[in-house]
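The values are calculated or read from the model by the stated rules, or taken from the named source; none is laboratory data. As the structure is a prediction and not an experimental result, all values here were calculated from the model. Here the Cβ is made from the backbone with ideal geometry for all residues, glycine too, and neighbour counts use every protein chain on show.
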Amino acid sequence: MPRLSSWEISDEFWAKVEPLVPARAGRKAGGRYRRAVGGGRKALAPRRIFEAVVYVLRTGCQWKALSKARYGSASSVHKYFQQWHAAGFFEALWRAGLAEYDELEGIAWRWQSLDGSMVKAPLAREAVGPNPTDRGKKWEQAQPAGGRPWRPAVAHRRRGQ
């Protein structure tokens, strides 16, 4: 079997993912549909959409940077991504993966924990220095030689004055 890139989907993996893919909205199961003449582009294949989503998630590229030749329209792929997210596809995929891993290797559920932080590190400023976007701000600049420091004409003014 040839080695696949980390974003390519094997047939074996797709066989596990395909049953979880949400049905297209407005379609009956097993129905046969034909586009009207001039009715727009053909719908993208679910496997192609899934490969494009995995590619974006693995590489970190922007949606608009997707290869149109390989994956189709980036806006269509993103639209399907949003629909699948709303339908709970990715959560179902995560659950199925956890269940399969638990069967194969076993997960010590008693010892699992989740840790996260969304605050600034309090000691980071001393360790790494000032933020690059703050360098060169007015308060850090030296006064021009020979000039007096600038002060506003009115020290403080209230609204309505």
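Below, the figures for the structure above:
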| item | result |
| --- | --- |
| Selection within segment 2-22 - at pLDDT below 85 and of a type in the set (Gly, Ala, Ser) | Ser5, Ser6 |
| Boolean, Arg58 is under 30 Å from Trp109 (Cβ atoms), at pLDDT below 90 and basic (Lys, Arg) | yes |
| Selected residue (criterion: surrounded by the most Cβ atoms within 10 Å (Cβ to Cβ)) from residues of segment 76-124 that are assigned to a helix (DSSP H, G or I) and modelled with pLDDT under 70 | Ala124 |
| In segment 8-22, the residues that are closer than 15 Å to Arg95 by Cα and among the β-branched types (Val, Ile, Thr) | Val17, Val21 |
